[in-house]
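First comes the structure, then the notes that go with it.
The values are calculated or read from the model by the stated rules, or taken from the named source; none is laboratory data. Computed from a prediction, not measured in an experiment: that's the story for all the values here. FYI the Cβ positions are ideal-geometry reconstructions off the backbone, even for glycines, and counts take in every protein chain you see.
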């Protein structure tokens, strides 16, 4: 990517900051309002969030008969800037090409919460639908007055309102064009029936892809501010335990005296360098002589899971029904299974980046935070500024699903700008990104399940050990000496019924969450489908093992024990796509140097339904596992754009293959050691499986999310396919060659 210099170098810093900086960094934050309207011109001039109870917060109609949609969810590569306009265009009777979205900005766009948990369409869609319907209703009232025809005799196509029987026509742009609606958002306007949809449910191409394919799309790494410095953070190579932080013992600033203009900036244990030239900042960060407190703070890598299993916990019974203990005692078939699951990194292809311009009384921060309002909230005390004097603007970086280092780098840029007294751009180095990521947490799972002689599952119990996500970013922790804090408890941080037995009809079920309470582990955060892969990897192998002991086909066994039509729907869809033919798992009967297997699994994240089938090969001499084909089915209710969701399924299945076969954060007692693409291995292009995505469309159901909902099922299917190929259960992932050979040897 080439840098894009701005043509506004003559602007002084104060004028730039008060203007917001939106027009000088290479991306538009909306269509300019018509001059002369003070209220319209004020959009972006004051701190948000704008009033969500006003239609003007959500939509603007322009004189050229186009519209701007203001949304609080951001584009991560998941298609939000196409699907949400589809919803709005549907309700407004506009063509999709007539609607654009404004870049997310705390002075411009509404606060709809963070872009995570598959929320963009599931939670954002209904708001956009109601706002667009209310806007259309207001426009039709205006058109009725203009054309002298009752509303019920008006028809709209592509924003052109026509009165029946040749009564004339008028465009939305002529009715409102760059003026405010000045009407409240009551949510009372009728919305269209799915039976009348023309755009929702269709497959228009993504709006953001042409520029990305052509190489003209602006990513945050390409942005520049007038008069800015380049910055880098200086930290140990690889984080210590979350509770330990990283303590500076000594800094020799003379060690970079030979790099002209490079400066060392420090606040507490937060250390950084700035320079006019980016390469000088890189060199200074590498060459600065820093002595860190290297007191060991982490458990030994090889003892991680046994340390977790024995540690202090806060225990919660997540779900209990019936009497599992008694049912186990009476069951004809019983299995138990224990697993060890790794820390895994977000590992964004481009390291995170942010730009900041902080003065004594205000700040502009441009970053890739998936929660701009949340980022502003944490920046305020860090900078000692009122929240409404901080403006946060979003610009897309490389794809990251989950909480990677985007908030950390935003804080780092803001701190360095405040210390330097100038705008600063900070980009993390690869070791910063890999070594200081808030990883998806490690997990210890123990499950037992039982069935009667007819194949009915009669008892199920799951215990899971893991720790909470980390609330405080390293920049804040190092700069202020903040104590490590966990995130407020969320349902994503515990043993999940949706992945632990609840998809089956089981009268006696008990789920227990064991939350580790100490801060002696690595930083953690939500990774795409957090904990779900680990839970389904554990749980669905136990279900599969019951089928094997009964001599039953794994697919038929699951069908026998499911009453919910939506779980049955994705199970059937995945099996049909794979051409599944019933047979019992072959297990140890499969012989040869390269053995093949197939597996099936169920799972999700929080709200939707996922099913998957995997076909794999295992080389019993080298330990290499090759995933040949993955089939994934999602039921997410009414899917706005099936093509986008199919792409989401494809990405999920490839990422699951990578996480099951290769990805694992490694560390020793002094810190993380997987700091690059060799030590943190991800799947290569030539290793990617063939993928078949299936959308189970349900027009009569609300949309429930499809950004991560088939990964758990795919992880289970891969594990079960390994057993079908080898007769051996893998109790730990990723399936490295050493682990595979050890498992085969032990069997």
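Is it true that some residue in the stretch 569-583 is surrounded by fewer than 21 Cβ atoms within 10 Å (Cβ to Cβ), touching a helix residue (DSSP H, G or I) at 6+ places or on another chain (Cβ under 8 Å) and not in a helix (DSSP H, G or I)? Yes, the stretch 569-583 has at least one match. Screening the candidates 362, 397 for the property of being under 27 Å from residue 648 (Cβ atoms) and not assigned by TED's automatic domain parsing to the domain that holds residue 476 yields one hit, 397.
Restricting attention to the stretch 370-402, the residues that are more than 20 Å from residue 476 (Cα to Cα) and in a helix (DSSP H, G or I) add up to 0. State whether the residues of the stretch 182-199 include one that is at pLDDT 95 or above and closer than 30 Å to residue 398 by Cβ. For the stretch 182-199, residues at pLDDT 95 or above and closer than 30 Å to residue 398 by Cβ: present.
Of the residues making up the stretch 659-704, those that are buried (at least 20 other Cβ atoms within 10 Å of the Cβ), within 22 Å of the chain's Cα centre (by Cα) and not in a loop (DSSP other than H, G, I, E, B) are 659, 660, 661, 693, 694, 695.
Yes/no per residue for (1) within 30 Å of residue 301 (Cα to Cα); (2) touching a helix residue (DSSP H, G or I) at 6+ places or on another chain (Cβ under 7 Å):
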| residue | (1), (2) |
| --- | --- |
| 349 | yes, no |
| 357 | no, yes |
| 382 | no, yes |
| 393 | no, no |
| 396 | no, yes |
| 399 | yes, no |
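Looking at the structure I just gave you, is residue 236 part of a loop (DSSP other than H, G, I, E, B), in contact with a strand residue (DSSP E or B) (Cβ under 7 Å, 6 or more places away or on another chain), modelled with pLDDT of 95 or more and surrounded by 19 or more Cβ atoms within 10 Å (Cβ to Cβ)? Here the answer is yes, as residue 236 does meet what is asked.
Of all residues assigned to the stretch 263-279, none qualifies as being touching a helix residue (DSSP H, G or I) at 6+ places or on another chain (Cβ under 7 Å), surrounded by fewer than 15 Cβ atoms within 10 Å (Cβ to Cβ), without any contact (Cβ under 8 Å) to a residue 40 or more places away in the chain and assigned to a strand (DSSP E or B). Scanning the stretch 723-738 for residues that are surrounded by 17 or more Cβ atoms within 10 Å (Cβ to Cβ) and in a helix (DSSP H, G or I) gives 723, 724, 725, 726. Scanning the stretch 167-191 for residues that are in a strand (DSSP E or B) and touching a residue at least 40 places away in the same chain (Cβ under 8 Å) turns up 171, 184.
In the stretch 100-138, the qualifying residues are those that are in a strand (DSSP E or B) and within 21 Å of the chain's Cα centre (by Cα), and the one that is nearest to residue 49 (Cα to Cα) is 105.
The combined condition, being at pLDDT 95 or above and either in a loop (DSSP other than H, G, I, E, B) or surrounded by fewer than 19 Cβ atoms within 10 Å (Cβ to Cβ) (or both), is not fulfilled by residue 632.
When 74, 31, 25 are checked against the criterion of being part of a loop (DSSP other than H, G, I, E, B), more than 19 Å from residue 178 (Cβ to Cβ) and modelled with pLDDT under 75, a single residue qualifies: 25. Residue count for the stretch 706-723 satisfying the condition of being under 13 Å from residue 633 (Cα atoms) and within 21 Å of the chain's Cα centre (by Cα): 9. For residue 144, the criteria (1) over 19 Å from residue 53 (Cβ atoms); (2) assigned to a helix (DSSP H, G or I); (3) touching a residue at least 24 places away in the same chain (Cβ under 8 Å) hold in every case but one, which is (3). For residue 162, the requirement of being in contact with a strand residue (DSSP E or B) (Cβ under 8 Å, 6 or more places away or on another chain) and closer than 23 Å to residue 393 by Cα is not met.
Among the residues of the stretch 316-332, those identified as at negative phi and surrounded by fewer than 18 Cβ atoms within 10 Å (Cβ to Cβ) are 316, 317, 318, 319, 320, 321, 323, 325, 326, 329, 330, 332. Where strands (runs of 3 or more DSSP E) fall entirely within the stretch 408-520, those with at least 1 residues that are farther than 22 Å from residue 319 by Cα and either at pLDDT 95 or above or within 24 Å of the chain's Cα centre (by Cα) (or both) are at 424-427.
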